[in-house]
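*Asks:* Encoded as structure tokens, here's the structure I'll be asking about.
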Amino acid sequence: MPKRLNPLQVYRYLPQTNCGECGEKSCMAFASKLIEREVSVEKCKPLFRDPRYASKLKELLKLIRPPVKEVLFGVPPHEVKIGGKDVVYRHEWTWRFQTAIMIDIHDEMDEDEISKRVKFVNEFKYIRIGKELTLDGLAIRCVSGIPEKFAKVVSRVMKLTSKPFILCSYDPNVLEEALIVAKDRKPLIYAANERNWKDVANLSIKYKCPLVVSAPGNPDLLRSLVKSLKEHFGLDDLVLDPGTNLGDSIIDTISLFSALRYAAIEEGDELLGYPLLGVPAVIWLDKEKSPEEKAYIESIIASSLMSRYADILIMHSTDVWPILPVIVWRDCVYTDPRVPPSVKPGLYEIGKPNENSPLLVTGNFALTYYLVKDDVEKAKIDAWLLVIDTEGISVESAVAGKKFTSDKIAEAVQEFNLAEKVKHKTIILPGYAARLSGELEDMLKDWRVFVGPRDSANIKKFIDKVWIPEVFGEKSEE
Amino acid sequence: MEEHKRKAFKDLLNLISEAEEIELTDVVIDADELTVTFIPPQAPQMPGYFKLTLEPLTGASKLELLVEASPQGVRLISLPPAPPAKPKPVELIKVKFEYPKLPFKGKIAEVTIGATKSEGGTRSHIIKVGGSSSMPFFLFAETPPNPMVATLDVFDMPSAPRPVREIYGDAINDPAEWARVAVEKFGADIISLHLISTDPGIKDTPVSEAAKVVENVLQAVKVPLIIGGSGDPEKDVKLFTKLAEVTAGERIVFNSITLDMNIEKAVKPIKEHGHDVIALAFIDINQAKDLCRKAMEAGLPKNRIILDPTTGALGYGIEYSFSIMERIRLSALLGEEVLQVPMCSASSNAWAAREARSKDPSLGPREIRGPLWEVSTAIIALLAGTDLFMMLHPRAMRTIRMFAEALKKVRKPLSEAGYESWVTAKY
């Protein structure tokens, strides 16, 4: 179970001046939000600015540190924060700081290929419920083994994007050459392992960049490396790479990720209290599968590892279709499980509907509502949208679960006095509720019931076909 | 002071006066103040410098002060930071990782689907689901006794998204043929037949006709069967009563009972003729408990009930299914008896998602986007504790089966060299 603090425990370490610089009315209000993880501690400027509070700050940071540390890399406006997890199971408390998704490039790709891939990362955008889903950055791999060549590619990439990146090599010389070029962009360094950890630790200190600790398939070594890096070098901005298997053994990776995160949170293992890195891109090492098959499996590995605690993922595919499920799942799983995904039931106006405008019915699952609304708006149709209380579930499930019923629709028609609002007395059901049409016609005596499309994207086509002005009057008065 | 001590002290002072640097170890100076007297050099333009180093015994960072002394006076000059100490030879601190000890005490019941000749049926094999005593893929705790199972869906009327219709071709018009292709061509080892046309809101196909469809499918394929009804609580009681009788001995799974049904009446024929049942709850743990309890009160033991907590499509509520399933499975493992039943998921619901069906070419070819959407939905349910998947697309089914088969195999451990080539290889 998550460790929950009470506001007083935190308040002790705040300035207690109620200065309001953080935007809260009082230090106590700030304390309450801080324990709910609704504000970040950096908002309390005096605490960081005034040396008198130095010891308070130190204690406070220790107190509020989540069992999985927050690690930052990159620079504003594209700075990425990963980790910061308080719970194993999402229903206990919202997972914070979305898994970062990084796309790889390497220093032996030709210039066009690099530009194309960087452009893809810069421009990838999928809009869902009014939100833009994007990719976080790049993983730049050193394939050549030549420090100068790698550094040159890194500096080219820096000109092409302001998004963060990971410098990937096990050779400290290669890493240092690139860090000289890139240190101001605060890249994530990949990686310290059993062979190079002392040298790479010094790079992490010298260039002030966070560091990935890699111990593929060897959790004993992983803990040993973390302990050594902490105690010998004082490092704390770490990311863990337990290794990602390919083929059948991917299920062992899922198991290991689960064990590591469980140990960090439920058993308080501080050596494992850092973000986890997964590399779905390993599937591209498979020589036998077709590129399509690899992209398909890479996508599934990415979604699986995201469900099982990966805080950062490195992927190779730059097709939209394998990235789409991953990025949508990320958007879903990082929502607050306490907030119902619903909108208020009732009658909504889209555009400026009048007595001749179509009347559509749908459920109150937020996503359903926004999809229908977006599609009707995009089609430039003025319409009435009657939203039935389906307890926040989709129309299809709500029909099966008897939450989207003819009774409820008939009641709403009464409640909102729709016989007065529209002259045509026609109601359009969603396609998934087709089976209600007969029953609803019986209930709403002099009404017509139309069965609309299943997908709201087809509403435009549907309305264009059936909404004939001679029957329903002009759509709009203009 | 005694003479010999005095002499020794004088010798010491002489020694100090010639020394460039004095290091005192194991000396305790018990004083509130320490006064160091400098003798400035005679030439005023050449001040003398003294370095004073204060170093704690613990080896922590030391303080170095530089004092400038001239005939005009003494002043402290700040020193440039000391060059970093030569790295001490450091060794790897070796520690072990202990796999977590889990608090789970409960065990999920094992449900058998289908019956061979020796068990009184006509199926070629049986399938077992459930039986685990940990969360899915917590392989450090257990390898589950039965890997998860994926079916292929067959409908009693041509109802499937285009990418699936294209795969089956004409077979989609005949449920028996559809089932045969699913088994023979696509390797399904269990079929989920959905008699959707019996829905009074669709075709209201009579019970007797539905029974014929079931008989045809049982003839056409020898794999175990899940049979879904209309979703109408009254019609399904009639339907299950008849179908349970005509399929007696086959250990069919009837899909599904819901809270708005007369559960006792629905369960009676299923129990009497030796079948199993799916209990369908709607993303609500209390509803799930209630329903399972009622099914048990109606006479079905745990090992004949499968719970379907409802699967929303990826992007359309899957996260609620995910968390409810996880809560149900955790609760069962922590000892909640009524929830100690396997869970199933209609992952084919994924096809309700626009991203799965859309023709929009900018989203990539839907021939692969569709099955990927379905299998992604299924994997999410799998990781939350689902044991049985009802699936539409053969490719998606095969992917879930790949995960299931991996559980039974001796798997290759990760080799460091092999893994590290993800960084250094061209691909």
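The values are calculated or read from the model by the stated rules, or taken from the named source; none is laboratory data. No experiment lies behind these values; they were computed from the predicted model shown. Neighbour counts are summed over all protein chains in view; Cβ atoms, including those assigned to glycine, are modelled from backbone coordinates with ideal geometry.
*Asks:* If you go through segment B:379-414 one residue at a time, how many are at the interface with chain A (Cβ under 7 Å from one of its Cβ atoms) and over 15 Å from the mean Cα position of the chain (by Cα)?
*Replies:* Looking only at segment B:379-414, we keep the residues that are at the interface with chain A (Cβ under 7 Å from one of its Cβ atoms), and these are B:379-380, B:383, B:399, B:403, B:406-407, B:409, B:411-414.
Restricting the remaining residues to those that are over 15 Å from the mean Cα position of the chain (by Cα) gives B:399, B:406, B:409, B:411-414.
Of the residues in that region, 7 qualify.
*Asks:* Inspect segment B:126-149 for any residue being modelled with pLDDT of 95 or more and of a type in the set (K, R) and give the result as yes or no.
*Replies:* Yes, that holds for at least one residue.
*Asks:* Can you confirm whether B:K101 is assigned to a loop (DSSP other than H, G, I, E, B), within 21 Å of the chain's Cα centre (by Cα) and either at pLDDT 95 or above or facing chain A (nearest Cβ under 10 Å) (or both)? Before you say what the answer is, go through the steps one by one.
*Replies:* Numbers: assigned to a loop (DSSP other than H, G, I, E, B): yes; within 21 Å of the chain's Cα centre (by Cα): yes; either at pLDDT 95 or above or facing chain A (nearest Cβ under 10 Å) (or both): yes.
Answer is yes for this residue.
*Asks:* Just to be sure I understand the filter: pairs with C-beta atoms under 6 Å, separated by 6 or more residues or on different chains, first member in segment A:81-105 and among the small types (G, A, S), second member outside any strand (DSSP E or B). Which pairs pass?
*Replies:* Filtered contacts from segment A:81-105: A:G83/A:V68; A:G83/A:K69; A:G83/A:P275; A:G83/A:D311; A:G84/A:P66; A:G84/A:R96; A:G84/A:F97; A:A100/A:D136.
*Asks:* Could you tell me whether segment A:117-128 includes any residue that is β-branched (V, I, T), without any contact (Cβ under 8 Å) to a residue 40 or more places away in the chain, closer than 26 Å to A:W321 by Cα and not in a helix (DSSP H, G or I)? Show your work before the answer.
*Replies:* Taking segment A:117-128 as the starting set, the residues that turn out to be β-branched (V, I, T) are A:118, A:121, A:127.
Checking which are without any contact (Cβ under 8 Å) to a residue 40 or more places away in the chain leaves us with A:127.
Narrowing further to those that are closer than 26 Å to A:W321 by Cα: A:127.
Within this subset, residues satisfying the condition of being not in a helix (DSSP H, G or I) are A:127.
Yes: one or more hits.
*Asks:* I'm trying to understand the selection: among the residues of segment B:187-240, which are within 12 Å of another protein chain (Cβ to nearest Cβ) and either part of a loop (DSSP other than H, G, I, E, B) or aromatic (F, W, Y) (or both)?
*Replies:* Listed by number, the residues that qualify are B:D199, B:P200, B:G201, B:I202, B:K203, B:D204, B:G229, B:S230, B:G231, B:D232.
*Asks:* So the check is Cβ under 7 Å with 6+ separation or different chains; which pairs have a first residue in segment A:281-298 that's more than 9 Å from chain B (Cβ to nearest Cβ) and a second one that's of a type in the set (S, T, N, Q)?
*Replies:* Filtered contacts from segment A:281-298: A:E298/A:S317.
*Asks:* Okay, next question. Here are some residues: B:P158, B:P224. Which one is in contact with a Lys or Arg (Cβ under 8 Å, 6 or more places away or on another chain) and surrounded by fewer than 19 Cβ atoms within 10 Å (Cβ to Cβ)? Can you show your working first?
*Replies:* Numbers: B:P224 fails: surrounded by fewer than 19 Cβ atoms within 10 Å (Cβ to Cβ).
Sole residue among the options that is in contact with a Lys or Arg (Cβ under 8 Å, 6 or more places away or on another chain) and surrounded by fewer than 19 Cβ atoms within 10 Å (Cβ to Cβ): B:P158.
*Asks:* Go through B:R354, B:R411 for me and flag whichever is among the charged types (D, E, K, R) and within 30 Å of B:I127 (Cβ to Cβ). Can you show your working first?
*Replies:* On the way: B:R354 fails: within 30 Å of B:I127 (Cβ to Cβ).
Only one candidate passes the filter, namely B:R411.
*Asks:* Now for a different question. Run down A:L367, A:L324 and say which single residue is in contact (Cβ under 8 Å) with a residue 60 or more places away in the chain, under 30 Å from B:M325 (Cα atoms), in contact with an Asp or Glu (Cβ under 7 Å, 6 or more places away or on another chain) and within 14 Å of chain B (Cβ to nearest Cβ). Spell out how you get there, then give the answer.
*Replies:* Details: A:L367 fails: in contact with an Asp or Glu (Cβ under 7 Å, 6 or more places away or on another chain).
The unique qualifying residue is A:L324.
*Asks:* Of everything in segment A:198-233 that's of a type in the set (A, V, I, L, M) and farther than 15 Å from A:G278 by Cα, which residue is surrounded by the most Cβ atoms within 10 Å (Cβ to Cβ)? Talk me through it step by step, then tell me what you get.
*Replies:* So the first thing to find is which residues in segment A:198-233 are of a type in the set (A, V, I, L, M), and the list is A:200-201, A:203, A:205, A:211-213, A:215, A:221-222, A:225-226, A:229.
Still in the list and also farther than 15 Å from A:G278 by Cα: A:200-201, A:203, A:205, A:221, A:225-226, A:229.
On the way: A:V200: 28, A:A201: 24, A:L203: 22, A:I205: 14, A:L221: 22, A:L225: 26, A:V226: 26, A:L229: 25.
Of everything passing the filter in segment A:198-233, A:V200 is surrounded by the most Cβ atoms within 10 Å (Cβ to Cβ).
*Asks:* Right, something else. Any idea which residue in segment A:360-390 is surrounded by the most Cβ atoms within 10 Å (Cβ to Cβ), counting only those that are part of a strand (DSSP E or B) and touching a Lys or Arg at 6+ places or on another chain (Cβ under 8 Å)?
*Replies:* First, pick out the residues of segment A:360-390 that are part of a strand (DSSP E or B): A:360-363, A:365, A:383-388.
Add one more test, that the residue is touching a Lys or Arg at 6+ places or on another chain (Cβ under 8 Å), and what stays is A:363, A:384-385, A:387-388.
On the way: A:G363: 31, A:W384: 23, A:L385: 19, A:V387: 23, A:I388: 20.
Top of the filtered list is A:G363.
*Asks:* Among (1) within 14 Å of another protein chain (Cβ to nearest Cβ); (2) within 22 Å of B:I380 (Cα to Cα), which single condition is B:L291 missing?
*Replies:* Looking at each condition in turn, B:L291 falls short on (2).
*Asks:* Scan segment A:407-414 and give yes if some residue there is more than 14 Å from chain B (Cβ to nearest Cβ), touching a Lys or Arg at 6+ places or on another chain (Cβ under 9 Å) and in contact (Cβ under 8 Å) with a residue 60 or more places away in the chain, otherwise no.
*Replies:* Looking through segment A:407-414, none of the residues is more than 14 Å from chain B (Cβ to nearest Cβ), touching a Lys or Arg at 6+ places or on another chain (Cβ under 9 Å) and in contact (Cβ under 8 Å) with a residue 60 or more places away in the chain.
*Asks:* Oh, and also: Of the numbered conditions (1) more than 30 Å from A:V68 (Cα to Cα); (2) crowded, with 18+ Cβ neighbours inside 10 Å; (3) touching a residue at least 40 places away in the same chain (Cβ under 8 Å), A:P164 fails exactly one; give the number of that condition.
*Replies:* (1)
*Asks:* Here is a follow-up. Of all residues in segment A:16-35, count the ones that are part of a loop (DSSP other than H, G, I, E, B) and surrounded by 13 or more Cβ atoms within 10 Å (Cβ to Cβ).
*Replies:* Within segment A:16-35, the first condition is being part of a loop (DSSP other than H, G, I, E, B), and the residues that meet it are A:16-26.
Checking the rest, the ones that are also surrounded by 13 or more Cβ atoms within 10 Å (Cβ to Cβ) come to A:16, A:18-19, A:21-22, A:24, A:26.
Here the count works out to 7.
Every residue, every condition in (1) touching a Phe, Trp or Tyr at 6+ places or on another chain (Cβ under 8 Å); (2) on the phi > 0 side of the Ramachandran plot, yes or no:
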position	(1), (2)
A:G247	no, yes
A:G268	no, yes
A:V279	yes, no
A:D286	no, no
A:L305	yes, no
A:R308	yes, no
A:D311	yes, no
A:V320	yes, no
A:I323	yes, no
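*Asks:* Please state which of the following conditions B:L76 fails to meet, knowing it meets all the rest: (1) surrounded by 10 or more Cβ atoms within 10 Å (Cβ to Cβ); (2) at pLDDT 70 or above; (3) part of a loop (DSSP other than H, G, I, E, B).
*Replies:* Tallying (1) surrounded by 10 or more Cβ atoms within 10 Å (Cβ to Cβ); (2) at pLDDT 70 or above; (3) part of a loop (DSSP other than H, G, I, E, B), B:L76 fails exactly one: (3).
*Asks:* Report, by residue number, each residue of segment A:140-186 that is assigned to a strand (DSSP E or B), farther than 15 Å from A:S204 by Cβ and among the hydrophobic types (A, V, I, L, M, F, W, C).
*Replies:* Kept after step one, since they are assigned to a strand (DSSP E or B), are these residues of segment A:140-186: A:140-141, A:165-168.
Those left that are additionally farther than 15 Å from A:S204 by Cβ: A:140-141, A:165.
Selection gives A:I140, A:F165.
Yes/no matrix, rows are residues, columns are (1) at pLDDT below 95; (2) surrounded by 17 or more Cβ atoms within 10 Å (Cβ to Cβ):
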{"position": "A:V39", "(1), (2)": "yes, yes"}
{"position": "A:F48", "(1), (2)": "yes, no"}
{"position": "A:V68", "(1), (2)": "no, yes"}
{"position": "A:V71", "(1), (2)": "no, yes"}
{"position": "A:T99", "(1), (2)": "no, yes"}
{"position": "A:M109", "(1), (2)": "no, yes"}
{"position": "A:I114", "(1), (2)": "no, yes"}
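*Asks:* Can you list residue pairs whose Cβ atoms sit under 9 Å apart, with the first residue in segment B:143-161 being part of a strand (DSSP E or B) and the second being acidic (D, E) and modelled with pLDDT under 95? Count only pairs 6 or more apart in sequence or on different chains.
*Replies:* Sorted first by the residue in segment B:143-161, then by its partner, the list stays empty.
*Asks:* With respect to B:R395, is the statement that it is within 30 Å of B:F254 (Cβ to Cβ), modelled with pLDDT of 95 or more and in contact with a helix residue (DSSP H, G or I) (Cβ under 8 Å, 6 or more places away or on another chain) true? Reasoning before the result, please.
*Replies:* On the way: within 30 Å of B:F254 (Cβ to Cβ): yes; modelled with pLDDT of 95 or more: yes; in contact with a helix residue (DSSP H, G or I) (Cβ under 8 Å, 6 or more places away or on another chain): yes.
Criteria met by B:R395.
*Asks:* Regarding A:I393, is this residue within 14 Å of chain B (Cβ to nearest Cβ), in contact with a strand residue (DSSP E or B) (Cβ under 8 Å, 6 or more places away or on another chain) and either not small (G, A, S) or not in a loop (DSSP other than H, G, I, E, B) (or both)? Break it down into steps so the answer makes sense when it comes.
*Replies:* Numbers: within 14 Å of chain B (Cβ to nearest Cβ): yes; in contact with a strand residue (DSSP E or B) (Cβ under 8 Å, 6 or more places away or on another chain): yes; either not small (G, A, S) or not in a loop (DSSP other than H, G, I, E, B) (or both): yes.
In short, yes.
*Asks:* Would you say A:K159 is touching a residue at least 12 places away in the same chain (Cβ under 8 Å) and basic (K, R)?
*Replies:* Working: touching a residue at least 12 places away in the same chain (Cβ under 8 Å): no; basic (K, R): yes.
No, not satisfied.
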